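Every number in this text was worked out from the coordinates using simple rules, so none of it is lab data. Keep in mind that this is a model prediction, so the values were computed, not measured. Cβ: placed from backbone, ideal geometry, glycine included. Neighbour counts: every protein chain shown.
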Amino acid sequence: MRFRSLAVALLCATATVAAAPGVAAAHGNRTTDRADAAAGWLARQLVDGERFEVDFGGTKYPDQGLTVDAILAFASAGVSGTNGGKAITWLAKPEILSGYIGDGTTEAYAGATAKVSLAAQVRGQDPASFGGADLPARLRGLLTPSGRFSDRSAFGDYSNAFTQSLAIITLKRTPGGVPASAVDFAVGTQCPDGGYPIVFGAPACQSDTDATAMVTQALLATGRNTDAQEGLSWLISKQQANGGISALSGDPAVAPNANTTGLAAQALKAGGRPPAFHKAKQFVVGVQVGCAGPVENRGAIPYDATGYNPSTVVRATAQAVLGLGGPGLAALNAAGSKPGAPVLACPA
């Protein structure tokens, strides 16, 4: 996911623009649209234009989860389609895919499987035949009698509200639909205050802002509107005066962040809560690097109001873009996306 940037955007719309040397030439189009600019900046951070990596002790490993976040961000903004295509092709490589979702037998990770399945659908590919795997079939094989999607792993079960929500959303988009027990399980996790927890089975139910944003999207997609709206009302109760929402319990004493606010904004828009959505979007745009920032950083969305931090800004941008006006995850589609990675237009 502070509105000084609106004035900047209006100024940029009528001014001669300049960009970093080589950036505009390499990626062509300039834009005053903040979602497009964020997605364009994100695309230029990809390794070889196709993937993200993580560095552990000097050794780089593929970061499939963050790469999926980028695919969803590109589709939400409707730009950087070329990079989105490269990224999904990279994810479909068997060694890359199995390293993320497991081998499907001894190791099978429900959340990762659901996330890749959704990315394939967003990119117009068949998740039932992706990288040599039938992702929806694997997901259904991880559904427990309780309705919970759980990991099958020697390392334990790390499934949570994100897992459940992503599984519901991606299966809803398949011809076979989503099992009713999975939706009932999600509804059954609701806390007394209307929100939803991130962890299942805790002694005391504690609503979580990110989890509630995800679960409400899943419930909206499956027609459980009353339960979804209760969750959205709880989210709105945690919205601060500047439109932002903080992580975890949404404590107003904690500074809000762009990741949580962006995800909440997407849910609020999907759930028909325009005033709260616009306030949340205003917060995200307000922390975005605009024309006053270094050329190479323009369009990026820092984690919070403290500003650009190289260690968090890529993930923050990928997740915050979702709150800048695109559709919810259940309707997200990359069809018609422009191929280029736009550069934020600024006065010369």
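Pairs of lysine residues in segment 4-325 that meet both criteria, 8 or more places apart or on different chains and Cα atoms under 28 Å apart, total 19. Residues whose amide H comes within less than 5 Å of that of T31, counting only those at least five positions distant or on another chain, are V343, L344, A345 (H built at 1.01 Å from N in the peptide plane). Here the label points at A348 and S153, each 7 Å from Cα along the C-beta direction, are separated by 5.4 nm in the simple model. Taken about its Cα centre, the chain carries a charge dipole of roughly 880 debye when the Cβ of each Lys and Arg holds +1 and the Cβ of each Asp and Glu holds -1.
Within the set of other residues whose C-beta is less than 11 Å from the C-beta of G81, count the net charge using Lys and Arg as +1 and Asp and Glu as -1. Could you put the intermediate results ahead of the total?
Values: positive: K86, R123, K338; negative: none.
Once all neighbours under 11 Å are counted, the net charge is +3.
In segment 4-325, Cα pairs under 8 Å separated by at least six residues give a relative contact order of 16 percent.
With the simple model of a label 7 Å out from the Cα in the direction of the Cβ, D193 to S249 spans 0.6 nm.
Going highest first, how would you order 296-302, 98-104, 307-313, 173-179 by mean Cβ packing within 10 Å? Intermediate results must be reported in sequence, preceding the final value.
Details: 296-302: 23.0, 98-104: 18.0, 307-313: 13.3, 173-179: 15.3.
Highest to lowest by the protection proxy: 296-302, 98-104, 173-179, 307-313.
How much mean residue ellipticity at 222 nm does the chain get from its helices, if each DSSP H run of length 4 or more adds -39500 (n - 2.57) and you divide by all residues, to the nearest 500 deg cm²/dmol? Intermediate results must be reported in sequence, preceding the final value.
Working: 15 runs with 160 residues, N = 348.
That calculation yields -14000 deg cm²/dmol at 222 nm.
Translational diffusion coefficient of segment 257-348 at 4 °C, 1.567 mPa s, Stokes-Einstein with Kirkwood Rh over Cα pairs, in µm²/s as a whole number. Here the translational diffusion coefficient equals 94 µm²/s. A simple spin-label model places the labels of T89 and E107 2.7 nm from each other, with each point 7 Å out along Cα-to-Cβ.
Just to confirm a number: summing +1 for Lys and Arg and -1 for Asp and Glu over residues other than D134 whose beta-carbon lies under 12 angstrom from that of D134, what do you get? Present the calculation step by step, with values, prior to reporting the outcome.
Numbers: positive: R138, R140; negative: D126.
In short, +1.
For Cα extents along the principal axes in Å, the choices are (i) 74, 56, 39; (ii) 57, 40, 40; (iii) 62, 44, 40; which was calculated from the structure? Correct label, based on the coordinates given: (iii).
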